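Beneath this line is the structure, given in structure tokens, with notes to follow.
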Amino acid sequence: MPMKHLLFCLLNILVMVCSATEHHPKDVSVDVRKAGDAFEVRVSYWVPMNLCNAFAFITDYEDAKNIKGIVESKIISRTENKVVVERKAKEIVLLFPLEINTTLEYTELPSRGLNFEQIQGDNKTYKGTWRLESEANATKFVYQSLIELNSMVPKNVLEYFMKNSIKKRFEAVAARAVLKSHTPSPKCH
């Protein structure tokens, strides 16, 4: 009897360890570089998700509210492959409150990714791309952007935030993608 319990416990531990590793994206790579007054951000990670579901994930604009720091994300208009989204983010950067309101225009490139650019908002500049690269049973998400914040927060504090907090934000986005990979999008049936 004790041997059965021990074996049962070991199997449960093994299942928990395997489940825990399934919920973490592979190889989240984040590079933040200063470019004048702006920051260039490059991110990539792999998720065990097919291309259709990966595209559904990056175009689920309202789901962004589930990422820490994003308070509101709603679609304002949609025409063909253009989507306009209003987004509000709140952060605390070394005791400085930072609230960013932005309206972004996304140009969707089905099964390849999307381009985006701020058309109105608190940043001086915010534009970039998401690209998707499919391989076997996984998709590589590649994000690139140029961000120039327009804030009363001192520049050295913003630089600290950009270099130290962005990685955690994208790890959260990648973890959300892994979580979503377990529930295929209805758009992909």
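Brief remarks on what is shown
- Normalised by 2.2 N^0.38 Å, with N the number of residues, the alpha-carbon radius of gyration of the chain equals 1.18.
- Placed amide H near Ser134: partners under 5 Å, 5+ positions off or other chain: Lys140
- If you run the Gaussian network model on the chain, springs between alpha carbon atoms under 10 Å, then out of Val153, Val85, Val173 the most flexible one is Val153.
- For the chain, the 222 nm mean residue ellipticity estimated from helices alone, with every DSSP H stretch of n ≥ 4 adding -39500 (n - 2.57) and the total spread over all residues, rounds to -10000 deg cm²/dmol.
- Highest mobility in the GNM of the chain, judged by mean-square fluctuation with C-alpha springs under 10 Å and restricted to Lys155, Lys163, Lys140, is found for Lys155.
- Between the range 60-83 and the range 139-174, the alpha-carbon center distance in angstrom: 18
- 0 to 90° range, to nearest 10: angle between helix 155-181 axis and the chain longest Cα axis: 40
- The lysines whose alpha-carbon is closer than 17 Å to the alpha-carbon of Lys168, local same-chain residues fewer than 8 away aside, are Lys26, Lys65, Lys68, Lys90.
- Spatially proximal lysines relative to Lys82 (Cα-Cα < 17 Å; intrachain offsets below 8 disregarded): Lys74, Lys127
Read the figures in this text as sums done on the coordinates, not as results from a lab. Since we're looking at a predicted model, the values are computed, not measured.
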